[in-house]
Number of protein chains: 2
Amino acid sequence: MSLLVVGSLALDTIETPFGKAQETLGGSAVYISTAASYFAPQVRLVGVVGGDFPEKAMSFLGERNIDLEGLQRIESGKTFRWSGKYHYDLNMRDTLFTKLNVFEKFDPKIPEAYRKSKYVCLGNIDPVLQRKVLDQIEKPKLVVGDTMNFWIEGKHDELMKTMKHFDVLIINDSEARLLTQEPNLIRAGKKIIGMGPKILIIKKGEHGAILLTENTIFSAPAYPMENINDPTGAGDSFAGGFIGWLEKSDDISDENLKKAVIYGSAMASFCVEKFGVDGLNDLTHLKIQDRFRSFRDLSKF
Amino acid sequence: MSLLVVGSLALDTIETPFGKAQETLGGSAVYISTAASYFAPQVRLVGVVGGDFPEKAMSFLGERNIDLEGLQRIESGKTFRWSGKYHYDLNMRDTLFTKLNVFEKFDPKIPEAYRKSKYVCLGNIDPVLQRKVLDQIEKPKLVVGDTMNFWIEGKHDELMKTMKHFDVLIINDSEARLLTQEPNLIRAGKKIIGMGPKILIIKKGEHGAILLTENTIFSAPAYPMENINDPTGAGDSFAGGFIGWLEKSDDISDENLKKAVIYGSAMASFCVEKFGVDGLNDLTHLKIQDRFRSFRDLSKF
């Protein structure tokens, strides 16, 4: 099996009520790949960084056995930077700045060796680029895509075209409502299933997630977190755990999709315990299995 | 076994995007008793109505086999009236008017025959009155109490005193945050457990509910509702299903509390399908069991 991840690599400056991190490794492709790397033996990453991308960040990815053949490095440019500040209740954040830098002209080129990837995860990038990636892949078994308000509002038609190529769409509840103009989440979900993806995951933050397929509705609980230090990357860690498990098990039945949602939720819960990608560092299979079981205990009756 | 319910009886005028109801039977004691009546063989209701309380409403309660010995009827007064309008997304409502009428001077008197009730459910009324009820009960096995923002802010000290007599507190997520000044729901829950009730249920509307005891955290999913017509009474129907199941099974173990939360959620889901108490009319045990099983299917992995 094989898993390809395309998205952003960034240096994030984050402030939460519980601390600060300066120019720490971030970006959707980083969180997705790192979370997935605990399941999939080798994750292939496609993205772009500038000449200032730190050696330390490279080794972090290398240590997770992430294949970096598809990582473009533009020596003359600077890496994408994002800065955000979270409020007291952690559900709201202000973006302090976004400097796209080399990411502004990102032109995803899929190396020859990656073109037969069976599992593909498209982080939250321009839907035109997402389609450009898919044009370079030969018959993937499962394409998982993410998007956000910015593209739903700003590139609606392109997004609608791209969504037809997604097998799975992962979005949050407010995005699902925005995309469908439907306040009822279940109706919104069913509308989205009609837009292309046959599998939909609606993330609800502290309220867990919902999986919708043509035949199933599954409600995944949220892990009861008392100590959330930094919510950055939670959604991407979810996506990584989700597709990582699917790649490892190579089973996209409804029953296994439910498990994948729980593995996604588990990775998101680890992510938010620490700053940046620290929560995804030094995990063990035992720890991940323990958390998976906690989710079962939490919802069993 | 025996179940006592104390709370309001009202005539509600409700507007939602899906319809209107004029002076329809409502009030916390009505929803709680009606939902509980599908489990508990005879529910004892204590409340007050005016001379204008319709015969039809009396027969509705009588047909549900609800014992009305404790219902005070003040012929010279008018029944409590409430009117509310729900917005497009049904999560927000405006109160158009509240006319307390006879409810303003409600002085709960527990008939002799009710004083040994083992299960007691106190609807959302003044915490001073809730304590007054409890003073008249001999050693109940389980006291379930509800409250709301109005008392949390307006009668905080009295509520704190009353809460020490609750075994179970049922509130919604914003109330839990308000009561504890803690944005993290799990921390908020643990703080509340320290305030008196050993069992806490946090209702999260479309996101389900959380049960917290000293040894357990349980996350109950929400039933995936596509057709919510009127959210009025959902919380009280939850409380009724919850305590009704506990009374019927006479088992307050953590495992059975989880089932009670699901029965509560099931009754709430029936309630919101129709206007006023109509959703709680003509249910069958088979229908309730079917919905219970749907909740299991929804969360099993």
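The values are calculated or read from the model by the stated rules, or taken from the named source; none is laboratory data. Source: prediction; values computed, not measured. Ideal geometry is used to build each Cβ from the backbone, glycine not excepted, and the neighbour counts take in all protein chains shown.
Key figures
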| read-out | value |
| --- | --- |
| Pairs where the first residue, in segment A:133-157, is more than 21 Å from A:I193 (Cα to Cα) and the second is small (G, A, S), C-beta under 7 Å, 6+ apart | A:I137/A:S117 |
| From A:G26, A:G50, residue being at pLDDT 95 or above, touching a Gly at 6+ places or on another chain (Cβ under 9 Å), more than 19 Å from A:A239 (Cβ to Cβ) and surrounded by 19 or more Cβ atoms within 10 Å (Cβ to Cβ) | A:G50 |
| B:A260 being within 27 Å of B:H87 (Cα to Cα) and either crowded, with 24+ Cβ neighbours inside 10 Å or over 14 Å from the mean Cα position of the chain (by Cα) (or both) | no |
| Residue selected from segment B:172-207 under the condition in contact with a Leu (Cβ under 7 Å, 6 or more places away or on another chain) and among the β-branched types (V, I, T), by the criterion nearest to A:I186 (Cα to Cα) | B:I202 |
| Failed condition for A:W82, given (1) out of contact with any Phe, Trp or Tyr (no Cβ under 8 Å at 6 or more places or on another chain); (2) at pLDDT 95 or above; (3) crowded, with 20+ Cβ neighbours inside 10 Å; (4) closer than 30 Å to B:R177 by Cβ | (1) |
| Single residue of segment B:227-239 satisfying the filter (part of a loop (DSSP other than H, G, I, E, B) and not polar (S, T, N, Q)) that is modelled with the lowest pLDDT | B:I228 |
| Some residue of segment A:208-226 being in a helix (DSSP H, G or I), polar (S, T, N, Q), closer than 30 Å to A:F275 by Cα and within 21 Å of the chain's Cα centre (by Cα) | no |
| Residues located in segment A:67-102, provided they are out of contact with any Pro (no Cβ under 7 Å at 6 or more places or on another chain), in a loop (DSSP other than H, G, I, E, B) and more than 17 Å from A:T24 (Cβ to Cβ) | A:L68, A:E75, A:S76, A:G77, A:H87, A:N91, A:M92, A:L100 |
| Leading residue by the ranking (surrounded by the most Cβ atoms within 10 Å (Cβ to Cβ)) among those in segment A:280-301 that are assigned to a loop (DSSP other than H, G, I, E, B) and in contact (Cβ under 8 Å) with a residue 12 or more places away in the chain | A:L283 |
| Residue list for segment A:193-206, restricted to those being touching a strand residue (DSSP E or B) at 6+ places or on another chain (Cβ under 9 Å) and either at the interface with chain B (Cβ under 9 Å from one of its Cβ atoms) or in a loop (DSSP other than H, G, I, E, B) (or both) | A:M195, A:G196, A:P197, A:K198, A:K204 |
| Qualifying positions in segment A:245-270 - more than 14 Å from chain B (Cβ to nearest Cβ) and either touching a Ser or Thr at 6+ places or on another chain (Cβ under 7 Å) or closer than 30 Å to B:L212 by Cβ (or both) | A:M267, A:A268, A:F270 |
| Any hit, segment B:152-167, residues being under 22 Å from B:K248 (Cβ atoms) and surrounded by 13 or more Cβ atoms within 10 Å (Cβ to Cβ) | yes |
| Matching option when the condition is at pLDDT 95 or above and touching a strand residue (DSSP E or B) at 6+ places or on another chain (Cβ under 9 Å), among B:K116, B:K109 | B:K109 |
| Qualifying residue in segment B:169-185 (condition: in contact with a Phe, Trp or Tyr (Cβ under 6 Å, 6 or more places away or on another chain), away from chain A (no Cβ under 14 Å) and either touching a residue at least 12 places away in the same chain (Cβ under 8 Å) or surrounded by fewer than 18 Cβ atoms within 10 Å (Cβ to Cβ) (or both)) | no |
| Segment A:88-132, subset without any contact (Cβ under 8 Å) to a residue 40 or more places away in the chain and within 14 Å of chain B (Cβ to nearest Cβ), residue nearest to A:A239 (Cα to Cα) | A:M92 |
